[in-house]
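This report refers to the structure that appears directly beneath it.
The values are calculated or read from the model by the stated rules, or taken from the named source; none is laboratory data. What you are looking at is a predicted structure, and each value in this text was computed from that prediction instead of being measured. FYI the Cβ positions are ideal-geometry reconstructions off the backbone, even for glycines, and counts take in every protein chain you see.
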Amino acid sequence: MSLEILEPRDVPLGGPRAMSVRRTLPQRSRSLIGAWCFVDHYGPDLVATTGGMTVPPHPHTGLQTVSWLFAGQIDHRDSVGSHVTVRPGELNLMTAGRGVQHSEVSLPQTTLLAGAQLWIALPDNSRHGEAFFERFTPTPFEFAGATISVFLGELLGHVSTARTFSRVVGAQIDLPAHASVEIPSDPSFEHGVLVDTGAAQVNAQPVAWSELAYVPRGSSTLSIRAGETPLRALLIGGEPLGEEIVMWWNFIGRSHEEIVEFRRAWQTDVISDGNEAGRFGRVQGYDGPALPAPELPNVRLRPRA
């Protein structure tokens, strides 16, 4: 089955003290893989050189943020009262619902930082609820020579307890050099394979470092092979969302007008007034101001299919 290779583009993350990330989703050619709508890949970065991650409080609506680290530690604070350390191999899942804000700062003891930040679009009937935060630590298991950690959904009989609102899967897959694995997959799912270290062949087609391979629906197995060096990859997938979304900055809605209102509420309640009773609440304990929203474009925002 033919793959679509989504190549990364460099994007600054986090305002004036931005670090660089490699973004593969969304792109003009593809906005969603199942309900997954956003993939940033970063590192391995030497923090002494890059300055690490410093992302001031910023808002989200209509989505879940998935934080997954390969190296380093990040301090997470949010407006539902969570204050946790994000570590490698631990899922940190924040459901934004109608609105939330959070900050992300790499900890002083972090010398090497690497990971991925991903978003899942909430279906329309689930996107107006209250925000909440969850953690889940999957137990790695061996399957046909691969080491697999399932952090969302279900794969090979291993189930994550983290709450999702559509049928999705998320897993880390590690393979020794030259090894391969055939993973049974749900033919109703679209899948994506993001290469973190090494290089891969996915269904016999080459996928380079930091590229995201899109696998369409219809296949009951997914073939992954490592190259000359060990492979570490993320597998994401799910049933197509089946809805159009409007996505701008850190907001997901269903219309241009909704996005305009989200931005107005953020600028008015948080940036201007610091009001913690509004849609986004307030992040306690972050030393510094929240991140202002950029200006909206002078055209109507178009839905993504």
### Query
In the stretch 61-114, what residues are small (Gly, Ala, Ser), more than 18 Å from VAL169 (Cα to Cα) and not in a loop (DSSP other than H, G, I, E, B)?
ALA71, SER103, SER106, ALA114
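Can you say whether SER106 is touching a helix residue (DSSP H, G or I) at 6+ places or on another chain (Cβ under 8 Å) and modelled with pLDDT of 95 or more, as far as the supplied structure shows? Break it down stepwise before answering.
Numbers: touching a helix residue (DSSP H, G or I) at 6+ places or on another chain (Cβ under 8 Å): yes; modelled with pLDDT of 95 or more: yes.
In short, yes.
Of all residues in the stretch 28-57, count the ones that are more than 15 Å from ILE236 (Cβ to Cβ) and out of contact with any Ser or Thr (no Cβ under 8 Å at 6 or more places or on another chain).
Kept after step one, since they are more than 15 Å from ILE236 (Cβ to Cβ), are these residues of the stretch 28-57: 28-29, 42-57.
Next, from what is left, pick out any that are out of contact with any Ser or Thr (no Cβ under 8 Å at 6 or more places or on another chain): 28-29, 43-45, 49, 51.
Result for the stretch 28-57: 7.
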### Task
Name every residue in the stretch 269-279 that is surrounded by 13 or more Cβ atoms within 10 Å (Cβ to Cβ) and either modelled with pLDDT of 95 or more or small (Gly, Ala, Ser) (or both), in order of residue number.
GLY278
## Note on the structure
Of those in the stretch 115-149 that are hydrophobic (A, V, I, L, M, F, W, C) and not in a strand (DSSP E or B), the residue farthest from the chain's Cα centre (by Cα) is ALA144
### Message
For the stretch 150-168, which positions are exposed (fewer than 15 other Cβ atoms within 10 Å of the Cβ) and assigned to a strand (DSSP E or B)?
### Response
GLU154, VAL159
### Task
Scan the stretch 84-102 for residues that are under 27 Å from GLY253 (Cα atoms) and over 15 Å from the mean Cα position of the chain (by Cα) and jot them down.
GLY97, ARG98, GLY99, VAL100, GLN101
### Task
Select, from GLU258, GLU295, the only residue that is without any contact (Cβ under 8 Å) to a residue 24 or more places away in the chain and either crowded, with 21+ Cβ neighbours inside 10 Å or assigned to a helix (DSSP H, G or I) (or both).
GLU258
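Rundown of residues vs (1) in contact with a Gly (Cβ under 9 Å, 6 or more places away or on another chain); (2) in contact (Cβ under 8 Å) with a residue 40 or more places away in the chain; (3) within 30 Å of ASN125 (Cβ to Cβ), yes/no style:
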| site | (1), (2), (3) |
| --- | --- |
| GLU211 | no, yes, no |
| LEU222 | yes, yes, yes |
| THR229 | yes, yes, no |
| ILE236 | yes, yes, yes |
| VAL270 | yes, yes, yes |
| ALA290 | yes, yes, yes |
### Query
Take the residues of the stretch 187-197 that are touching an Asp or Glu at 6+ places or on another chain (Cβ under 8 Å) and assigned to a loop (DSSP other than H, G, I, E, B): which is farthest from SER31 (Cα to Cα)?
SER188
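Looking at ALA208, ALA146, ALA171, which is the one that is surrounded by 15 or more Cβ atoms within 10 Å (Cβ to Cβ), at pLDDT 95 or above, closer than 24 Å to GLN27 by Cα and among the aliphatic types (A, V, I, L, M)?
Working: ALA208 fails: surrounded by 15 or more Cβ atoms within 10 Å (Cβ to Cβ); ALA146 fails: closer than 24 Å to GLN27 by Cα.
Only one candidate passes the filter, namely ALA171.
Residue by residue through the stretch 8-65, note down the ones that are small (Gly, Ala, Ser) and in contact with a Cys (Cβ under 7 Å, 6 or more places away or on another chain). Give the steps one after another, and end with the answer.
The initial filter retains those residues of the stretch 8-65 that are small (Gly, Ala, Ser), namely 14-15, 18, 20, 29, 31, 34-35, 43, 48, 51-52, 62.
Selection gives SER31 alone.
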### Task
Go through the stretch 68-98 and count every residue that is within 23 Å of ARG232 (Cβ to Cβ) and among the charged types (D, E, K, R).
2
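Pick out the one residue from ARG304, ARG282 that is over 25 Å from ILE245 (Cα atoms) and under 23 Å from the mean Cα position of the chain (by Cα).
Details: ARG304 fails: over 25 Å from ILE245 (Cα atoms).
Answer to the selection: ARG282.
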### Query
Got a sec? Which of LEU222, LEU301, LEU234 is on the phi < 0 side of the Ramachandran plot, surrounded by 18 or more Cβ atoms within 10 Å (Cβ to Cβ) and assigned to a loop (DSSP other than H, G, I, E, B)?
LEU301
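So if I check each of ILE224, ILE252, ILE236, ILE245, which one is within 19 Å of the chain's Cα centre (by Cα), within 16 Å of VAL193 (Cα to Cα) and not aromatic (Phe, Trp, Tyr)? Before you say what the answer is, go through the steps one by one.
Values: ILE224 fails: within 19 Å of the chain's Cα centre (by Cα); ILE252 fails: within 16 Å of VAL193 (Cα to Cα); ILE245 fails: within 16 Å of VAL193 (Cα to Cα).
The match here is ILE236.
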### Task
Just one of (1) at pLDDT below 95; (2) more than 26 Å from GLN27 (Cβ to Cβ); (3) small (Gly, Ala, Ser) trips up ALA265, so point out which.
(1)
